[in-house]
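Shown next, in structure tokens, is the structure this report addresses.
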Amino acid sequence: MASLRREDVAHVAKLARLTMSDAELDKFTAQLGQVLDHAGDMNALDLEGVIPTAHPFGLINVVRDDERRACLDHDVVIAMAPDAEDGRFAVPRILGEAP
């Protein structure tokens, strides 16, 4: 793969409306060149027969099964609330406006 030129990085920076110093252009040219070289190395690999995967290890679902079980009594919970109205939690109005 052809090396990334400083002029290419300056051109992309201009298109993105980025202002870069000479030191930044040199730094990013080297860094982006390494990234592109690595991508070229990846493209050169023989991946025939390799199954695409999103994760290198098999993942096991660790979520428990849904099980029906007793829940809190509505009246007990409402009785513990700082303020309740018509069997529901009463909370301050957000915008101070009536519904």
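Values in this text are rule-based calculations from the coordinates and carry no lab data. Because the structure is predicted, anything quoted here is derived from the model rather than measured. All Cβ positions, glycine included, derive from the backbone under ideal geometry; neighbour counts span all protein chains shown.
Restricting the first member to region 11-26 and to residues that are among the hydrophobic types (A, V, I, L, M, F, W, C), and the second to residues that are in a helix (DSSP H, G or I) and surrounded by 11 or more Cβ atoms within 10 Å (Cβ to Cβ), the beta-carbon pairs closer than 6 Å and six or more apart or on different chains are MET20/ALA13; LEU25/ARG6; LEU25/VAL9; LEU25/ALA10.
Only residues that are aromatic (Phe, Trp, Tyr) and out of contact with any Pro (no Cβ under 9 Å at 6 or more places or on another chain) were counted in region 51-99, giving 1.
The condition (being in contact with a strand residue (DSSP E or B) (Cβ under 9 Å, 6 or more places away or on another chain) and part of a loop (DSSP other than H, G, I, E, B)) is satisfied by just one residue among PRO82, PRO56, PRO92: PRO82.
Can you find even one residue in region 40-51 that is of a type in the set (S, T, N, Q), part of a loop (DSSP other than H, G, I, E, B) and surrounded by fewer than 10 Cβ atoms within 10 Å (Cβ to Cβ)? Among the residues of region 40-51, not one is of a type in the set (S, T, N, Q), part of a loop (DSSP other than H, G, I, E, B) and surrounded by fewer than 10 Cβ atoms within 10 Å (Cβ to Cβ), which makes the answer no. Among the residues that make up region 35-52, is at least one of them under 14 Å from ARG5 (Cα atoms) and not charged (D, E, K, R)? Within region 35-52, one or more residues are under 14 Å from ARG5 (Cα atoms) and not charged (D, E, K, R).
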